[in-house]
Amino acid sequence: MRQAEQIEKPDTILRRYVRILARYERLMELSRSLISTLDISILLEQIVVAAVELTDSEASSILLLDKPTGTLRFEAAVDPMGVSLASIDVPLENSIAGWVVTHGEPLVIADVASEPIHFSKVDEESAYQTRSLLAVPMRAHNKVIGCLEAVNKKDDHPFTDEDISTLTTLAAQAALTIENARLFQQSDFISEMVHELRTPLAAINATTHILQRADLVPEKHTQMVNTIAQETKRLTRMTTDFLDLARLESGRSRLVRDPINLGEILQSAIDTVSPQAAEHGISLELKLSPDPLPDLTGDGEKLMQVILNLLTNAIKYNRENGSVFVTAAEYGTDIVITIRDTGVGIAAENLPHMFKKFYRVADTEGYTTGTGLGLAITRRIVEGHGGTITVESELDVGTTFTIVLPLQFDPAVTRH
Ligand code: ADP
């Protein structure tokens, strides 16, 4: 064989290189498309199709390691018999795929029938005969996550070194892309966010369609435009809140440490929300003890955001002509702020979830258009100041939020 290669004619060599180049072009094209897809099943489908095409095989499959069961599962396949392999679990021991995953090395089997570790259940279930097989490990960040197989090279030719290297490149790309897609899915915040964005987007979409109808009466027209305006506002708030929380969570948003006058912040927040309260006949009351309060070290702007959020909620979820009472008092080395309302209250079973991202009490969902992020942001900011926030509530009586902030905040000491 070596000798034969040495005396290869120039045009044969050229043809071989043209073929290799074509393969790499196809691989690059595929990698571009893989980067832009985050749906794992579409991704895997593209990979097996490319594997069949590039290695000139009859079939191809991807088996991914399922850690909890310690077995391999068919996640995608180009399968000439068209049967579903998804329900077949392939063991790590006594299977070719298992050997490849365990050893992390490629394996070429010219005659599968005489291979003792071949897991024949797959052929039996699919009524398909595996004659030759090339399997390569799929490795991401130094971990083998599965294996990519090419089955039965056309015309029963043997698999070549070129096939091994092509399939290895494909498997490496596939593994990385799968890992990225998994990371994306795992980032629950992002997927939850995308999910949450769908509701206002769907509402805008549906309303736009109705608006396009020629027979729409003018009153409906105004109503539809108002819905779009309201949902757009909600989308804007959501994105702002989302970015705020993402910055706080990743530590990109640092709290400044200035001497601040909390009494002034509370008064200014009350002044800001008073028109909103007046609309519903809600009274606002502030008590400081001592008055004035001693200065606090912290981020004035962020603490203003906290108070505004709690006050807005205390108004939003209040009853007509209700009240909101705000107190701030010095206790030893802390300042304790309470914001109490006379509103709808929160059921005991919902209280433990109040500070979770996107959490909204089901009963209040139609109440006002919120994002369910306000209290999560609030808690982050308070904890960033070394403080704590708690909530107590009674249904139909009202809710009290209590914040404890240390007068001197040392970023190294945080109470979670
Ligand atoms: P949003 O108000 O934007 O939905 P928040 O995180 O500020 O998000 O609040 C989460 C949920 O907690 C609200 O949807 C509401 O159900 C409930 N909630 C918050 N504050 C109060 C309150 N003062 N009284 C009753 N329920 C409240």
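The values are calculated or read from the model by the stated rules, or taken from the named source; none is laboratory data. Just so it is clear, the structure is predicted and the values come from calculations on it, not from any experiment. Using ideal geometry, Cβ is built from the backbone for each residue, glycine included, and neighbour counts are taken over all protein chains shown. Just so you know, the surface numbers come from the protein's heavy atoms only, side chains and all, with ligands and any DNA or RNA stripped out. Shrake-Rupley method; radii C 1.70, N 1.55, O 1.52, S 1.80 Å.
Computed with a 1.4 Å probe on the full set of protein chains, the accessible area for residue 317 sits at about 50 Å².
Of 220/357; 287/316; 143/356; 143/357; 67/356; 302/356, which sit over 25 Å apart, Cα to Cα?
220/357; 143/356; 143/357; 67/356
Region 107-145 and region 242-289 have Cα centres lying 63 Å from one another.
So what is the relative contact order of the chain, in percent, for Cα pairs below 8 Å that sit 6 or more residues apart? Walk me through the intermediate numbers first.
Details: 669 pairs, mean separation 41.6, N = 416.
Relative contact order for the chain comes out at 10 percent.
Applying the criteria of a DSSP loop state and at most 14 other Cβ atoms within 10 Å to the trypsin sites (Lys or Arg not before Pro) of region 157-252 yields 213, 252.
Only alpha carbons enter this Debye calculation for the chain, each as an equal point scatterer, and the log10 of I(q)/I(0) it gives at q = 0.07, 0.08 Å⁻¹ is -0.59, -0.69. Label-to-label distance for residue 56 and residue 199 is 5.7 nm, based on points extended 7 Å past Cα in the beta-carbon direction. Computed with every protein chain present, the accessible area of residue 143 is close to 100 Å² [probe 1.4 Å]. Round to the nearest 0.05 the FRET efficiency obtained for residue 279 and residue 229 when R0 = 22 Å and r is the Cβ-Cβ distance. Step by step, r from the Cβ atoms, then E = 0.75.
Ordered from highest to lowest accessible area with the whole protein assembly present and a 1.4 Å probe, 336, 18, 48, 194 read as 18, 194, 336, 48. All other residues whose Cβ lies under 11 angstrom from that of residue 168 are scored, Lys and Arg at +1 and Asp and Glu at -1, for a net of -3.
A 1.4 Å probe run over the protein chains yields, for the chain, 54 Å² of accessible area per residue, whole-number rounding. In the chain, the portion of solvent-accessible area held by carbon and sulfur atoms comes to 54 percent [1.4 Å probe, whole percent, DNA, RNA and ligands not counted].
Note on the chain: GNM, Cα springs under 10 Å; of 315, 13, 62, the largest mean-square fluctuation is that of 13. The alpha carbons of region 2-182 give a radius of gyration and a Dmax of 16.3, 54 Å, in that order.
Any idea what the relative contact order of region 64-192 is, in percent, if you count C-alpha pairs under 8 Å spaced at least 6 apart?
Numbers: 191 pairs, mean separation 24.8, N = 129.
After rounding, I find 19 percent.
With n ≥ 4 as the cut-off for DSSP H runs, can you work out [θ] at 222 nm for the chain, using -39500 (n - 2.57) per run divided by the number of residues, rounded to the nearest 500? Please list the in-between numbers first.
Details: 11 runs with 190 residues, N = 416.
One gets -15500 deg cm²/dmol as the mean residue ellipticity at 222 nm.
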